[in-house]
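The values are calculated or read from the model by the stated rules, or taken from the named source; none is laboratory data. The shown structure was predicted, so the numbers you read here are calculated from the model rather than taken from an experiment. Neighbour counts run over all protein chains shown; Cβ positions are idealised from the backbone, glycine included.
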Amino acid sequence: MRRSTFASLALAGAVLASQGPAARLSYGVRVLLRNGADTNVVGTGEVAGPMETGLRLGVHTDSTDVDMLLNTFPEPDSFTLSGDFVATRLAGASRRGLPVYEQDEYRRHRRLAWTDTVRLHPFGTPRARARRELWVELRVTTAAPGGITRPSERVDLRDSTFDLTLEAVVRPRRATVLLALVRGDANSVPLQFDLVPDGIPRTLDLAVDPARPHHFELRLTPPEPARTARERALALDADVVCLRLSEPALTSVSMLCGRLNNVARRLALPGGDTLVATFVWPAAR
Amino acid sequence: MTDHERWARDIEADLDGELTLAEQAALARHLAVCPTCAGTRASHLELRASLARASGHPRAKVMPRQVLRGRTLALLALLAALAGAGGGWLAHARWGGPGSGGLEASRATIDIR
């Protein structure tokens, strides 16, 4: 083996070892608003997760909604930031006085160094003498995972005239599902399942009243593919799982879908009981 | 052409409003001394009155053709331009417009700080 080839392989190996598949990617977000000479922080937030984590960022005002899905493509010394944007703007009013909106979809990408801070103007580059300007400061960093595998999201909104959403977009390979049955003030013992999408169906018995138990067959499935261009651009189906519940005795099939965000979702069952399901990222193995 | 025939033509032109002030004065002086021409004028007027009555306009009278003067035309053009500008301003205020920037100017940009 020639010396130059060996050196290249060694360098590539060292880079891969230093970043490695276990590195954790973090998006630090700060939204700022300049009004005349004053600049205020509208909101801050952070999304972190495995290296393949994307950031779904939304900035909403009274007249404009800008949603974007940002992804990073790491290279040894830099990375490419790619963004799919969906903007909905108030374009005017119809003859009957109803608001008319226009929707715009486009893509942007830029190659950056790991130390760069990105300034993102969601409503376009402001004019030279504009008094009001809103922008998003974004900093992408990597760090050792430290045993944390599940994505995390944090948003702190300080100006209520804007709406800021930050979501980690990671396709779940497993999901923890917490299930309980509720009727009035009484509820069953909560059960926890660690499920894999499109995995083997599991059976489950839940009962609030022991005289009327429910026998379920449950299975985790991926959601329906995105239908609209907006859903596709923002990959709204990427971080969602669906729980397919069937009761063989009643031949009823129900579906509950949601993100793995620790929010309880309710499903009314025949007979008056309510099933409460919560999707959570599984703990580290 | 006799004198009476010439004055008859002038009478008809006068009734059509086509005579100058000097010609109208000359005709008036002649009608004062010529009963034949005065009778001709009276018969012309009666003929026109009967024609107007027959067409359903008993009070009709001959009017000289309106001439659109240059200043009137300019005033009308100015009023039309003002009405158009006002309508455009109201429509823009009501329904908005394409704005000063193009579509690309309203799209997000990624800059390095």
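Consider region A:68-79 and keep the residues that are over 20 Å from the mean Cα position of the chain (by Cα) and assigned to a strand (DSSP E or B). The one that is surrounded by the fewest Cβ atoms within 10 Å (Cβ to Cβ) is A:Ser78.
Within region A:260-272, is even one residue outside any strand (DSSP E or B) and in contact with a Leu (Cβ under 8 Å, 6 or more places away or on another chain)? Checked against the condition, which is being outside any strand (DSSP E or B) and in contact with a Leu (Cβ under 8 Å, 6 or more places away or on another chain), region A:260-272 yields at least one hit. Taking the conditions exactly as written (within 21 Å of the chain's Cα centre (by Cα), farther than 16 Å from B:Ile110 by Cβ, modelled with pLDDT of 90 or more and part of a loop (DSSP other than H, G, I, E, B)), does A:Glu46 satisfy them or not? No: the conditions fail for A:Glu46. Scanning region A:96-129 for residues that are under 30 Å from A:Ala143 (Cβ atoms), at the interface with another protein chain (Cβ under 7 Å from one of its Cβ atoms) and part of a loop (DSSP other than H, G, I, E, B) returns A:Asp116, A:Pro122. Scanning region A:167-209 for residues being within 19 Å of the chain's Cα centre (by Cα), assigned to a loop (DSSP other than H, G, I, E, B) and among the hydroxyl-bearing types (Ser, Thr, Tyr) gives a total of 0.
Can you go through A:Arg265, A:Arg212 and tell me which one is loosely packed, with under 15 Cβ neighbours inside 10 Å and in contact (Cβ under 8 Å) with a residue 40 or more places away in the chain? When all the criteria are applied, what remains is A:Arg212. Looking only at residues that are closer than 20 Å to A:Leu166 by Cβ and surrounded by fewer than 20 Cβ atoms within 10 Å (Cβ to Cβ) in region A:80-95, which one is nearest to the other protein chains (Cβ to nearest Cβ)? Step by step, filter region A:80-95, then rank; the result is A:Ser82. Selection of region A:130-154 for residues being buried (at least 16 other Cβ atoms within 10 Å of the Cβ), part of a strand (DSSP E or B) and away from chain B (no Cβ under 14 Å) yields A:Thr142, A:Glu153.
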